[in-house]
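One structure is given here, and the rest of the page talks about it.
The values are calculated or read from the model by the stated rules, or taken from the named source; none is laboratory data. None of the values given here were measured: they were computed from a predicted structure. Cβ coordinates were reconstructed from backbone atoms using ideal geometry, including for glycine residues, and neighbour counts include every protein chain displayed.
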Amino acid sequence: MALLSTGLRVSVMAYLNSAEGREGVTKAMIADATGVSMGTINATLIEAEKRGLLTVKVDRVPSQGGVNRYYLDHEKYESAVQAWLDFALGKGFTDENFRR
């Protein structure tokens, strides 16, 4: 199950890094694009926000009263990906934020 969850989380982050995702996306947009459950999306966004990879903004949509949009901090995201690749290749962590 953990491996499946990891794969689903990767797909959420990949979507956030896509051209559409770079414009800011809602949870519903992520679910529609990836087919990932809302529980996994929530867990992924919470973890990414804890690590400082996301910015959350509330867009005021009159009919909906406001919707959260998630924006990826691309510089931090790229360094995070590199840190995980280095770790996977046995080079150890290179980013202080990912020593946990």
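Being in a helix (DSSP H, G or I) and modelled with pLDDT of 80 or more: is that true of residue 19 here?
On the way: in a helix (DSSP H, G or I): no; modelled with pLDDT of 80 or more: yes.
No.
For residue 39, state whether it is in contact with a Phe, Trp or Tyr (Cβ under 7 Å, 6 or more places away or on another chain) and modelled with pLDDT of 85 or more. Talk me through it step by step, then tell me what you get.
Numbers: in contact with a Phe, Trp or Tyr (Cβ under 7 Å, 6 or more places away or on another chain): no; modelled with pLDDT of 85 or more: yes.
Taking the combined requirement at face value, the residue does not satisfy it.
Is it the case that some residue within segment 83-99 is modelled with pLDDT of 80 or more, surrounded by 11 or more Cβ atoms within 10 Å (Cβ to Cβ) and of a type in the set (Gly, Ala, Ser)? Working first, answer last.
Applying the first criterion (modelled with pLDDT of 80 or more) to segment 83-99 yields none.
No, because not a single residue in segment 83-99 is modelled with pLDDT of 80 or more, surrounded by 11 or more Cβ atoms within 10 Å (Cβ to Cβ) and of a type in the set (Gly, Ala, Ser).
I'd like to know if segment 63-78 contains one or more residues that are modelled with pLDDT of 80 or more, of a type in the set (Lys, Arg) and exposed (fewer than 15 other Cβ atoms within 10 Å of the Cβ).
No: segment 63-78 contains no residue that is modelled with pLDDT of 80 or more, of a type in the set (Lys, Arg) and exposed (fewer than 15 other Cβ atoms within 10 Å of the Cβ).
What single numbered condition from (1) without any contact (Cβ under 8 Å) to a residue 24 or more places away in the chain; (2) crowded, with 18+ Cβ neighbours inside 10 Å fails to hold for residue 9?
Exception for residue 9: condition (1).
Determine if segment 48-59 includes at least one residue that is assigned to a helix (DSSP H, G or I) and modelled with pLDDT under 85. First the steps, then the outcome.
Within segment 48-59, the subset assigned to a helix (DSSP H, G or I) is 48-50.
Next, from what is left, pick out any that are modelled with pLDDT under 85: none.
There is no residue in segment 48-59 that is assigned to a helix (DSSP H, G or I) and modelled with pLDDT under 85.
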